[in-house]
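What follows is a short report on a single structure.
Quick note: the coordinates plus some simple rules give every number you see, no bench work behind them. Note that the structure is a prediction, hence the values are computed from the model and not measured. Cβ: placed from backbone, ideal geometry, glycine included. Neighbour counts: every protein chain shown.
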Amino acid sequence: MQFSTSIGRLRITGILEGLSFIILLAVAMPLKYLAGKPDMVSIVGMAHGLLFVLYIFLTIVAKFQYPWSWKKMFALWIASVVPFGTFYVDYKFLRFQD
């Protein structure tokens with residue numbers, strides 16, 4: 001995985017975005033509702049939001065550099081809102097293009 005290519009940047013951002021989503025759902029949300037600590041949701045939620053926007057932006061950048069169909073773009077976007085979705089997309093679509 002190279003950070004110098006648009007696919008490499010997309011893959012790294014996708015993994016970080018997926019991790020932040022899992023941490024938000026599995027750690028921060030239970031801490032908020034079960035332990036009464038809403039600060040974690042604010043911190044992790046902000047990081048996840050920034051990574052989500054960056055992921056969407058990088059998919060658009062990659063679309064202009066590679067002959068991707070709109071179906072593939074839609075799959076990448078849907079994957080960003082499904083838990084573990086970015087990991088699946090990385091494995092299924094992106095790992096051989098880097």
Filtering the chain for DSSP H helices with an axial alpha carbon extent of at least 24 Å and a Kyte-Doolittle mean of at least -1.0 returns 6-23, 39-65
Measure out, as a whole number of angstrom, how far apart the alpha-carbon centroids of the stretch 1-51 and the stretch 55-75 sit. 21
By how many nm would the segment from TYR66 to ILE12 lengthen if fully extended, with 0.36 nm per residue of separation less the alpha-carbon distance? 17.7 nm
What is the distance, in nm, between label points placed 7 Å from the Cα along the Cα-to-Cβ direction at SER4 and at TYR33? 4.7
Solvent-free Debye scattering, log10 I(q)/I(0), computed from the Cα coordinates of the stretch 7-57 at q = 0.13, 0.23, 0.28 Å⁻¹: -0.31, -0.74, -0.94
Lysine pairs in the chain with alpha-carbon atoms under 25 Å apart, 8 or more places apart or on different chains: how many are there? 5
Given an 8 Å cut-off on Cα distances and at least 6 residues of separation, report the relative contact order of the chain as a percent. 39
About its Cα centre, how strong a charge dipole does the chain have in debye, to the nearest 20, once Lys and Arg get +1 and Asp and Glu get -1 at the Cβ? 220
Starting from 0.36 nm per residue, how many nanometres of slack lie between ILE56 and PHE84 once their C-alpha separation is accounted for? 8.5 nm
Label selected from (1) 13.4; (2) 16.7; (3) 13.9, the criterion being Kirkwood radius over Cα pairs in Å as computed here: (3)
